[in-house]
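Asks: Handing you this structure, nothing more for now.
The values are calculated or read from the model by the stated rules, or taken from the named source; none is laboratory data. These figures come from a predicted structure and were not determined experimentally. So basically every Cβ, Gly included, is an ideal-geometry build from the backbone, and we count neighbours across all protein chains shown. In case anyone asks, the SASA skips ligands and DNA or RNA and just uses the protein heavy atoms, side chains included. Shrake-Rupley method; radii C 1.70, N 1.55, O 1.52, S 1.80 Å.
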Amino acid sequence: MNSLSWFIDVFLHIDQFLTQIVNQYGAWTYIILFIVIFIETGLVICPFLPGDSLLFAAGAIAAHAGSELNLALLLCLIAIAAILGDTLNYWLGREIGQSFEKHNRFQRLINQEKMAKAEHFFNKYGGFAVFLGRFAPFIRTFIPFIAGASRMHYPFFLFYNIIGGVVWTLAGLLAGFFFGQIPFIKAHFSLMMVLIIFVSLLPMILVMVTNRIKGKRLD
């Protein structure tokens, strides 16, 4: 319970935690951000890391005059981390995904419910799920693994991986950079973190609703 409380506290006040990291480690913050994003997207057992909120907070800090964080450098490094992370996740899925059910030790490490939801989402939307899933917390971590396990053609996966990684990075960092310093947002940062999760899920929800409406029309 203490670990859960700590995680929630970090998520809701990630701007404060990241500011402390920047003040303490300076330019090393780039490496820390790179590693966190790489792990969140690259290891299927780590879907709980705060990717979206971290991008927003980093962009907001970069907007400060004299900030240790440079927006252009953040854009490059985090986009690379996101693309490399998904690439690793894809190949992990390709190597162990086919025999996943036989590996009990992996099943204990991975959230089975989230995996099932991601698999259903991937099966329904195919290649577009690689791009769209990038914007959905938790599902984002499972989609590349499932793409590898299903033997999706790698160049096809890589195309959606690169587009999704770049767009996701741009959206998160630029949103924080241009809106993170607005007084109202700064005063209600915790609420913004919750809102970010909701907004992140909107594209996926809209696609699902649209497809359901089309399905009813065909019936």
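Asks: Looking at the stretch 82-97 only, could you name the residues that are open to solvent by 30 Å² or more (accessible area, probe 1.4 Å) and of a type in the set (F, W, Y)?
Replies: Once the filter is applied, which keeps residues that are open to solvent by 30 Å² or more (accessible area, probe 1.4 Å) and of a type in the set (F, W, Y), the stretch 82-97 yields only W91.
Asks: Scan the stretch 175-189 and give yes if some residue there is at pLDDT below 80, within 18 Å of L92 (Cβ to Cβ) and not in a helix (DSSP H, G or I), otherwise no. Working first, answer last.
Replies: Restricting attention to the stretch 175-189, the residues satisfying the condition of being at pLDDT below 80 are 180-189.
Next cut, within 18 Å of L92 (Cβ to Cβ) only: none.
No; the residues of the stretch 175-189 include none that is at pLDDT below 80, within 18 Å of L92 (Cβ to Cβ) and not in a helix (DSSP H, G or I).
Asks: May I ask you to verify whether A79 is at pLDDT 85 or above and open to solvent by less than 20 Å² (accessible area, probe 1.4 Å)?
Replies: Details: at pLDDT 85 or above: yes; open to solvent by less than 20 Å² (accessible area, probe 1.4 Å): yes.
Spelling it out, A79 is indeed at pLDDT 85 or above and open to solvent by less than 20 Å² (accessible area, probe 1.4 Å).
Asks: Condition check: surrounded by 19 or more Cβ atoms within 10 Å (Cβ to Cβ) and modelled with pLDDT under 90. Does G42 satisfy that?
Replies: Numbers: surrounded by 19 or more Cβ atoms within 10 Å (Cβ to Cβ): yes; modelled with pLDDT under 90: yes.
Spelling it out, G42 is indeed surrounded by 19 or more Cβ atoms within 10 Å (Cβ to Cβ) and modelled with pLDDT under 90.
Asks: Scan the stretch 143-165 for residues that are assigned to a helix (DSSP H, G or I) and either surrounded by 16 or more Cβ atoms within 10 Å (Cβ to Cβ) or among the basic types (K, R) (or both) and report the count. Can you show your working first?
Replies: Here is the first cut: in the stretch 143-165, the residues assigned to a helix (DSSP H, G or I) are 143-149, 154-165.
Among the residues that remain, those that are also either surrounded by 16 or more Cβ atoms within 10 Å (Cβ to Cβ) or among the basic types (K, R) (or both) are: 143-149, 157-158, 160-162, 164-165.
Result for the stretch 143-165: 14.
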